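Have a look at the structure below before the remarks.
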Amino acid sequence: MTPAQAPAAAKASPFTAEQKATLVAWTQRFPYPAMGLLEALREVQEWHHHVSLEDEAFIAGLFGVTLHHVHEVVTFYPFYTTKPAGTYRIDLCRNVSCHLAGAHDAAERFKTKLGIDEGERTSDGRFSFEEVECLGACDHAPAFAINDELIGAATPEAIDGALASCRAGTLPDLPPLPALKMAASNGTARILTEHFDDPDLHTLAAYRKYGGYQGWEKAKTMSAVDIMGAVQQSNLRGLGGAGFPSGMKWATVPSKKDRNVPHYLVANADESEPGCFKDRVLMERNPHALIEGLLISGKAIDADGIYIFIRGEYARARRILLAAIEEAKAAGILEGKEILITRGANAYISGCDTALLETMEGKKAWPRQPPPFPTVSGVMGNPTVVNNVETLMMTGPILAKGAAWFAGLGVPKSGGTAVYSVSGHVRKAGVHEFPMGTPLKTILDAAGGLNDGRTLKAVIPGGTSTPVLTAEQALGAKMDFDSLRSLGTFLGAGGVIALDDTTDMVETLRIIERFLAHESCGQCTPCREGSIWVARVLGRMLEGKGDAGDLDNLLRMGDNISGKVICALGETVGPVAKSMIGKFRPEFEARLKAS
Amino acid sequence: MKTVKFTINGKPVEAKENSLVIDAAREAGIEVPHYCYHPALGNPGVCRLCMVEVEGMPKLQVSCRLPAKEGMVVRSNSGPARTAQAASLEFHLANHPLDCPVCDQAGECYLQDYYMRFGGYTSTMREDKVHKHKRLDIGPNVMLDSERCILCTRCVRFLDKVTKTSELGIFNRGSRSELLPYPGMSVDNPYSGNITDICPVGALTDKNFRFKVRVWYLDRTPSICTGCARGCSVEVHTNTKRPWHTDGKRVARLLPRHNPEVNDYWICDEGRYGFDYIDAPTRLKAISVMENDKLRGLTWDETVAALPAELSALCAEKGSSGLAVVLSGTLSNEDLFAARLLFVDTLKAGHLLVKTGPDQEGEEDALLRRKEKVPNLRGAQALGFGGRIQESSWGNILDGITSGKIWGLYVVDRDPSAVWGEKANGALSRLRFSAYQGVNVTHFADSARWVLPSCAYVEESGTFANFQGHVQKAKAALQPLGDARPDWMIWGAFVRALGGSFPFDSARGIFTHLTETESEFKGLRWDGLGKDGVKLAGSREPQTAGAA
């Protein structure tokens, strides 16, 4: 039996010779051809503004995969469309921080100005408009992007200006890189953002001026075991959300003496948790810190391949990283090693480490079920360490200044600092770096505090997946993994969202649950069916049609999902609802009474 | 591999270390509900239904991915496990259309069955259901209702791993995830019907069976498929209670029966849908003899009195070397034994043919289908056909008839016209004696002097040895149609009529005799064949073909 061929395969090639060469190059860029599949499809989407069945057939043949494999990928990831998108594809974020900043009004303006509904394309084919779940740009809320290029806050002027600019044939100007002037640090240590006031920090010269690559120099004189030991002693924990001790993770990579296969290191730059944007800012402002971290970690795990998996929407960060890698290469820092950047296609779930591996392998991002863990069986079955960007960046300073110094900055079991993304109802949304254990209030103050006359209602401490804190809890909270755990929530990836007294908690929860339902990969049943169910019940409540059993039913459904699903996305559906309903129940009940 | 001991629901079980707990449970008679897991297709662990509690593990575990370890204490019936199973069912059913009254899967649907056994909750679903495609014609044999689909991925894995044809995928994601064929593709491969079996719900239904008869009216009999030399284990589903539902056709469908030695969980579409002949209008139901260009009906008693005597007299007159007997690999071992007794030992026919020719050969592949489209060539070989009993050929027989050396032709279940084409007519008219014994009318039957109706394999019990020498039992699922009789019974009566001994009144009796007298059958027992069957003595080492 041979696989059936769709009729499309017989048609003439949809690509020029030059385009074909580009696509062929993607089959050769990575150790396994399929690792270039998503990137090749990105090219196709950009050329054709969609991926047709003819395109799919060509890609399937080129990469030696089945047609349904390619179609699964194309229909899974929102970046690809099967119907033509506009030449200018406008994405407006509708998640919590952007919603609080007026995303709804911005959407209305886009739709009115373009004369189309959400998800449609203008009849001239020039524009399409979509409300998307997260752009990783809460510091620009309500953020919008055109063709994956973050444009900034969708103020009426910005919207009109951007549309005019596109009509004239060019993308609008990009916003200035953030946080050139940091708030005073109150004397507390900053590691990664200390020199953000230098506009040239992204250059090798500036980075070196502030001691950059000294950690790597030190690492070169150390054994892999000693590097791992230093990182373990530093109490560095994963800053992408899980908080797993980093040195311990590295130590689970099997020795090549036992199993002689390639080892891979992947920087997880797929920051997609609503409320989090610190990795984007760190990469845009301090790219060499990531390169240094990758070199050090790569040595620790004896990596044969080093990758940065970056979300597609971080176009600018990617450009800056590419330039920095070139600069480092030219300066001989990479010593012949390669650091390759590979992109996802705009799916939140790709940020989950095992789903990230699937995405890297050119598949739809259905998380795997460890064991085996990625450190034993990762990219194409080879041991792979997936570390968050900020985590990797910390390793340079740890080696340069010593594990004890780093550990001493933080709290027991959690060393150093964390870079917080602060957004929502604060005056100065942006990144703020503080040592582990810093009071949440200090961080909110650093972000300028609330607007005049407003009082704090609640804080989401670590990104929308983390249970909410009441104002009272928040003002007494210390920001580190263990302190927040004792409050029933998580540090997550440090995405602090301040919610003032104007916040509608029912709507906030609905936005979070709708996000989870939208981003659920659909692999396991409780998450696939449960997340949409929860979101729909909340939507009905917002329409004033809630009834008495709804709240208990939501809590029950949350419990029925928790502990039964494959990955962390599903696990958050219940606790987030539980925290919101538990802490703000009267507000939810008021919705029921109103019906 | 090391064996470990542990308990499931308090029951002590033994299993290979690291084997799956869900399998160990099933072997111990404890069913843990599940959808995505299928022993032949792997354990993606996506349905999250087979939750069990394990002492010492903080979270519930999916038992389809849980390796068996020494001393484990597993519970599939504890409060938390039951709650989790019911919760998972509730999610499976949340967006399911609940259209059981018009769904052909009803009665054999694991959503229904599990709801009754493990669900039993009160629905709280008030939202509009997610809508998807309905009634999609996705191939010659399969209909898809993707609203009913629970996305267990069994069919996708079957088409990826077993047929490697990859027609189906799960496209989109989240609650928009949908099982669909790749645009423009049709699930059109030689094994497509299997996806309707492995679909645990009513998403994939069999176009050839759907809406014919509710499954609870069916009787089920273990049998084998006689469509080729593989001899796949099947279950014959018969409808005799409500004949009007299936237009009087008694066989409603064939389903594969798991047999690790022969067909695993599968059968091909050729075999699955190849049963129409059993209840076809072409079935022979009565005996007839052509006398003076007139057809006369006979009883079996009259036939037993007349036919053997006629044959025996002709043999005496013209020499038995002029008698040609064309048998078939469709015959059971018991039939072939009786044939040997009659035609070889008693009548000493000059030409015997069992092996397949162009009339009984077709496509084959690496999965199941064999070129020889009959089930018992290896059995015939074990009984000496083609060995100590020399086989003739279609060509020799034609030459013999044309040259006048062959005066008599006795054909069982085959049609010389299918091999000889035009030449058949002239040749057959030269015959002094011709008999056709079989299940359906053939071109040859139209012109043969004697026509004897025999049972279809579902109407008699018998044993068959597949090309690997694997002997399986097919049990009678139906009464013989009309006057049809088992072939062995017909020939046994003829042997007796000629003064020989044939002390058997059942296939079982004949088989037992074979096990005592035939070297290849030594050591086998009728009851010992069980549901999977047993290999012939000469086939304990795998052989490539039974028709050698």
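Just from the alpha-carbon atoms, what are the Rg and Dmax of region A:130-220 in angstroms?
Looking at region A:130-220, its Cα Rg and Dmax stand at 17.9, 53 Å.
Once whole DSSP H runs in chain A are found, which of them have Cα atoms spread over 24 Å or more along the helix axis and a mean Kyte-Doolittle score of at least -0.5?
For chain A, where a helix must reach 24 Å along its axis and average at least -0.5, the hits are A:525-542.
Return P(r) of chain B (all Cα-Cα pairs; 20 Å bins starting at 0; whole %; ordered from short to long distances).
Percent of pairs per bin, in order: 20, 45, 26, 9, 0.
Relative to a virtual label point 7 Å from the Cα of A:R454 in the Cα→beta-carbon direction, which members of region A:570-589 show backbone nitrogen distances below 18 Å?
none
Sorting B:I8, A:I227 on the 10 Å Cβ count, fewest up front, what's the list?
Ordered from fewest to most neighbouring Cβ atoms within 10 Å, B:I8, A:I227 come out as A:I227, B:I8.
From the phi angles alone, apply the Karplus equation (6.51, -1.76, 1.60; θ = phi - 60°) to region A:249-264 and give each ³J(HN,Hα) in whole Hz, x where the residue is Gly or Pro.
With the stated coefficients, region A:249-264 comes to 4, 4, 5, 7, 6, x, 5, 5, 5, 7, 9, 7, 10, x, 10, 10 Hz.
For chain A, rounded, prolate or oblate, judged on the Cα gyration tensor with a ≥ b ≥ c (square roots of eigenvalues), a/c < 1.5 rounded, else prolate if a/b > b/c?
The shape class here is rounded.
How large is the direction-averaged shadow of the alpha-carbon convex hull of region B:136-279, in nm²?
Dividing the Cα hull surface by four gives the mean projection, 9.0 nm².
What FRET efficiency comes out for A:E338 versus A:R208 if R0 is 30 angstrom and r is the Cβ-Cβ distance? Round to the nearest 0.05.
Efficiency computed from Cβ-Cβ geometry: 0.90.
How big is the dipole moment of region B:3-94 about its Cα centre under a simple scheme where the beta carbon of each Lys and Arg is +1, that of each Asp and Glu is -1, and everything else is neutral? Debye, nearest 20, please.
My answer is approximately 100 debye.
I need the phi-derived Karplus couplings for region B:347-362: 6.51 cos²θ - 1.76 cosθ + 1.60, θ = phi - 60°, integer Hz, Gly and Pro marked x.
Each residue of region B:347-362 in turn: 8, 6, 4, x, 10, 10, 9, 10, 4, 6, x, x, 6, 10, 10, x Hz.
I need the calculated FRET efficiency for the pair B:E17 and B:T83, taking r as the beta carbon distance and R₀ as 30 Å, to the nearest 0.05.
FRET efficiency, B:E17 to B:T83: 0.50.
Restricted to Cα positions, what overall size does the protein assembly as shown have along the principal axes? Three whole-Å values, descending.
123, 68, 67
Between A:K257 and A:R485, take the C-beta separation as r, use R0 = 30 Å, and let me know the FRET efficiency to the nearest 0.05.
My answer for the efficiency is 0.20.
What are the membrane-span-like helices in chain B by this rule: whole DSSP H runs, Cα extent along the axis at least 30 Å, mean Kyte-Doolittle hydropathy at least 1.6?
Result, helices passing both filters: zero.
How much mean residue ellipticity at 222 nm does the protein assembly as shown get from its helices, if each DSSP H run of length 4 or more adds -39500 (n - 2.57) and you divide by all residues, to the nearest 500 deg cm²/dmol?
-9500 deg cm²/dmol
What is the set of long-range amide H partners of B:G139 at a cut-off below 5 Å, with H atoms built 1.01 Å from backbone N?
B:V187
Could you work out the equivalent-ellipsoid semi-axes for region B:3-94, taking the square root of 5 times each eigenvalue of the Cα gyration tensor, largest first, in whole Å?
20, 15, 11
How big is the gap, in Å, between the Cα center of region A:544-585 and the Cα center of region A:75-123?
29
Label 7 Å along Cα→Cβ of A:D304; region A:248-262 residues with amide nitrogen under 17 Å?
Under cut-off, by backbone N: A:253-262.
Between A:E131 and residues 5 or more places away or on another chain, which pairs have amide H atoms under 5 Å apart, with H built 1.01 Å from N, and which residues are they?
Long-range HN contacts for A:E131: A:L92, A:G119.
Taking the Cβ of each residue in B:C100, A:C93, B:C268, A:C567 as the centre, tally the other Cβ atoms inside 10 Å and list the residues starting with the fewest.
Ranked by crowding around the Cβ, least crowded first: B:C100, A:C567, B:C268, A:C93.
When you have a sec, figure out the Kirkwood radius of region A:500-595 from all distinct Cα pair distances and drop it here in Å to one decimal?
This gives a value of 13.1 Å.
Plugging the Kirkwood radius over Cα pairs into Stokes-Einstein for region B:414-531, at a temperature of 37 °C and a viscosity of 0.692 mPa s, what D comes out in µm²/s?
The diffusion coefficient I find is 199 µm²/s.
Report the gain in length on full extension from A:E157 to A:A568: 0.36 nm times residue separation, minus Cα-Cα distance, nm rounded to one decimal.
Extra length from A:E157 to A:A568 when fully extended: 144.0 nm.
Which residues' amide hydrogens lie under 5 Å from the amide hydrogen of A:G152, considering only partners 5 or more residues apart or on another chain, with H built in the peptide plane?
Residues meeting the criterion, in which the H sits 1.01 Å from N, are A:F144.
Using the 10 angstrom Cβ neighbour count as an exposure proxy, how do B:R242, B:R173 rank, fewest first?
B:R242, B:R173
For region A:391-438, I need the span (max minus min coordinate) of the C-alpha atoms along each principal axis, in Å, sorted largest to smallest.
The principal-axis extents, from largest down, are 37, 20, 12 Å.
Each reported figure results from applying straightforward, stated rules to the coordinates on display, with no laboratory input. Everything quoted here is computed from the prediction, not taken from an experiment. Note that each Cβ is placed from the backbone with ideal geometry, even for glycine, and that neighbours are counted across all protein chains shown.
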